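Reviewing the structure listed below.
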Amino acid sequence: MRQTLVQIAVVLVLSASAPLYASLASYDQAPVNYSKSEPHDAIARLQAELAAGKIEIPYDAALGYLPGVLIALNISPKSQMLVFSKTSLQVHRISPETPRAVYFNDDVYIGYCQKGDVMEVASTDPQLGAIFYSLSQKNTGKPVFTRQTDKCLQCHDSSSMTLGVPGHIMRSVYPDIEGRPIYSAGTFHTTQDSPFNERWGGWYVSGTSGSIKHMGNTLIKNKDDAEHADFAKGCNVTDLSALVDTSSYLAPHSDIVALMVAEHQTTMHNLISRASFEMRLALLQERDMNKALGEPADRRSPSTLGRLKSVAEPLVKYMLYFDEPVFTDTIKGTSGFAEEFAARGLKDKRSRSLHDFDLKKRLFKYPCSFLIYSESFNALPPIVLDYVKNRLTEIFNGKEGGSDYARLTPDDRDNIREILAATWKGAPESWKY
């Protein structure tokens with residue numbers, strides 16, 4: 001009886017202090033300690049090599065450090081996306097005549113403005129999620145990436161757009177003739193699940209989408225009737241020269257397929273970060289609770305399991321393109337990004353890869369996120385990885401429950417399982433049947 005009363009007292013004390021505990025449980029407190037922790041992302045590694053003199057980044061008179069940085073990080077110019085809405089740090093440099101260029105690979109995003117003071121960089125750390133840097137575009141001889149926190153997090157920490165963690169954002173707006181967002185008309189957070197008619201407002205888009213309409217390549221002249229602007233003329237544009245002079249950029253494209261891949265992976269990165277942060281915190285709080293109650297350290301509480309499902313199930317759904325809209329026409333890019341991206345995918349013995357595109361009915365032929373191979377995904381807490389593997393096993397076997405994954409045909413499930421069994425180091429042995 002006395003032990004029961006002690007346990008009740010402990011629970012009441014912890015419950016009473018919950019608001020204080022919650023205030024200490026943000027990503028800037030233990031166990032994440034976002035701002036205080038040293039990153040180990042691609043930029044941190046590159047900066048260490050620069051400091052040690054193992055690598056040099058040449059300076060280009062017109063583009064600054066941009067070409068050298070892309071080479072050092074293995075980022076292709078074919079990934080170039082041009083955004084002309086004034087929705088970034090260097091708004092005074094961005095306009096329909098001088099769009100901001102964004103380049104990316106699986107882990108790093110580079111933002112470049114003509115005559116910009118800095119390059120803007122977002123990288124992905126396996127423990128800290130999105131890390132933001134600036135790089136001076138002055139010829140200093142020894143470029144230094146400077147980590148940014150508060151300045152970038154004013155926008156890149158949002159419960160609605162980044163899931164409450166430092167994260168990546170792609171936005172679609174109604175841009176006026178100078179590129180300013182018409183906020184009274186609303187804005188859209190763009191992901192792989194977004195309707196096409198809400199995508200790419202404020203972006204240049206090169207490529208064809210047939211009957212699929214989008215908001216790209218269009219300036220709004222009537223601010224009072226922005227929602228009813230004629231976006232049709234901005235669709236199926238394969239040559240941007242009539243819209244913008246691209247001679248000052250690395251490529252003449254703002255590839256539609258590159259845009260769609262970036263939309264997928266920005267949110268996927270955020271979902272990975274949220275699952276990592278939330279479960280590391282949940283496990284820390286569970287250990288404290290178990291210790292206070294005299295329970296075994298590894299006891300799993302219903303609360304922890306509930307928190308696990310709340311972050312891991314959305315991750316599984318997104319990585320399998322659960323809510324992706326069905327394409328009603330074929331999509332084709334202009335830069336060669338799709339071919340280059342597909343060529344670097346890990347392939348099984350039948351030459352199948354998670355990088356293989358479909359582009360007729362959906363983005364990828366085998367709908368499972370290629371970021372399953374990423375360092376960040378594989379650094380998730382084991383409890384999250386186990387949940388994902390168990391759910392994928394159920395889905396592959398058609399035992400997921402309900403009709404949530406009805407869009408995945410038996411062939412889809414077999415193909416994904418077989419590809420992962422052959423290419424992903426985390427694949428369970430049971431997938432190799």
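The values are calculated or read from the model by the stated rules, or taken from the named source; none is laboratory data. Predicted model, so just to flag it, every value in this text is computed and none were measured. Note that each Cβ is placed from the backbone with ideal geometry, even for glycine, and that neighbours are counted across all protein chains shown.
What do you reckon, is residue 281 outside the structural domain of residue 369 (by TED's automatic domain parsing) and in contact (Cβ under 8 Å) with a residue 12 or more places away in the chain? No: the conditions fail for residue 281.
Residue 236 - would you say it is touching a strand residue (DSSP E or B) at 6+ places or on another chain (Cβ under 6 Å), in the same structural domain as residue 199 (by TED's automatic domain parsing) and not hydrophobic (A, V, I, L, M, F, W, C)? Spell out the reasoning first.
Numbers: touching a strand residue (DSSP E or B) at 6+ places or on another chain (Cβ under 6 Å): yes; in the same structural domain as residue 199 (by TED's automatic domain parsing): yes; not hydrophobic (A, V, I, L, M, F, W, C): yes.
So residue 236 fits the description; yes.
Of the residues that make up segment 386-405, is at least one in contact (Cβ under 8 Å) with a residue 12 or more places away in the chain, in contact with a Leu (Cβ under 6 Å, 6 or more places away or on another chain), under 18 Å from residue 265 (Cα atoms) and not hydroxyl-bearing (Ser, Thr, Tyr)? Scanning segment 386-405, I find no residue that is in contact (Cβ under 8 Å) with a residue 12 or more places away in the chain, in contact with a Leu (Cβ under 6 Å, 6 or more places away or on another chain), under 18 Å from residue 265 (Cα atoms) and not hydroxyl-bearing (Ser, Thr, Tyr), so the answer is no. Restricting attention to segment 324-339, the residues being surrounded by 15 or more Cβ atoms within 10 Å (Cβ to Cβ) and not in a loop (DSSP other than H, G, I, E, B) number 4.
Listed residues 216, 207, 202; which is touching a strand residue (DSSP E or B) at 6+ places or on another chain (Cβ under 8 Å), buried (at least 21 other Cβ atoms within 10 Å of the Cβ) and more than 21 Å from residue 87 (Cβ to Cβ)? Steps first, please.
Numbers: 216 fails: more than 21 Å from residue 87 (Cβ to Cβ); 202 fails: more than 21 Å from residue 87 (Cβ to Cβ).
Residue meeting the stated conditions: 207.
In a residue-by-residue description of segment 97-107, the property of being in contact with a Cys (Cβ under 6 Å, 6 or more places away or on another chain) and of a type in the set (A, V, I, L, M, F, W, C) applies to no position. Within segment 325-344, the residues that satisfy the criterion of being in contact with a helix residue (DSSP H, G or I) (Cβ under 7 Å, 6 or more places away or on another chain) and of a type in the set (Gly, Ala, Ser) are 333, 335, 336, 338.
Going by the conditions given, is residue 373 farther than 25 Å from residue 254 by Cβ and hydroxyl-bearing (Ser, Thr, Tyr)? Criteria met by residue 373.
Filtering segment 404-421 to residues that are under 16 Å from residue 318 (Cα atoms) and at pLDDT 95 or above leaves 412, 413, 416. Suppose we keep only residues that are assigned to a helix (DSSP H, G or I) and in contact with a Gly (Cβ under 7 Å, 6 or more places away or on another chain) within segment 210-257. Which one would you say is nearest to residue 178 (Cα to Cα)? That would be 234. Selection over segment 118-137 of residues that are over 10 Å from residue 376 (Cβ atoms) and assigned to a loop (DSSP other than H, G, I, E, B) gives a count of 1. In this structure, residue 140 does not satisfy being part of a loop (DSSP other than H, G, I, E, B) and in contact with a helix residue (DSSP H, G or I) (Cβ under 8 Å, 6 or more places away or on another chain).
Can you find even one residue in segment 150-158 that is under 26 Å from residue 44 (Cα atoms), assigned to a loop (DSSP other than H, G, I, E, B) and either charged (D, E, K, R) or touching a helix residue (DSSP H, G or I) at 6+ places or on another chain (Cβ under 6 Å) (or both)? No, because not a single residue in segment 150-158 is under 26 Å from residue 44 (Cα atoms), assigned to a loop (DSSP other than H, G, I, E, B) and either charged (D, E, K, R) or touching a helix residue (DSSP H, G or I) at 6+ places or on another chain (Cβ under 6 Å) (or both).
Tally time: how many residues in segment 174-228 are basic (Lys, Arg) and within 16 Å of residue 94 (Cβ to Cβ)?
Here is the first cut: in segment 174-228, the ones basic (Lys, Arg) are 180, 199, 213, 221, 223.
Among the residues that remain, those that are also within 16 Å of residue 94 (Cβ to Cβ) are: 180.
Final tally of qualifying residues: 1.
Conditions tested, residue by residue: (1) at pLDDT 95 or above; (2) in contact with a strand residue (DSSP E or B) (Cβ under 7 Å, 6 or more places away or on another chain); (3) buried (at least 20 other Cβ atoms within 10 Å of the Cβ).
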position: 92; (1), (2), (3): no, no, no
position: 101; (1), (2), (3): yes, yes, yes
position: 105; (1), (2), (3): yes, no, no
position: 112; (1), (2), (3): yes, yes, yes
position: 119; (1), (2), (3): yes, yes, yes
position: 125; (1), (2), (3): yes, yes, yes
position: 133; (1), (2), (3): yes, yes, yes
position: 136; (1), (2), (3): yes, yes, no
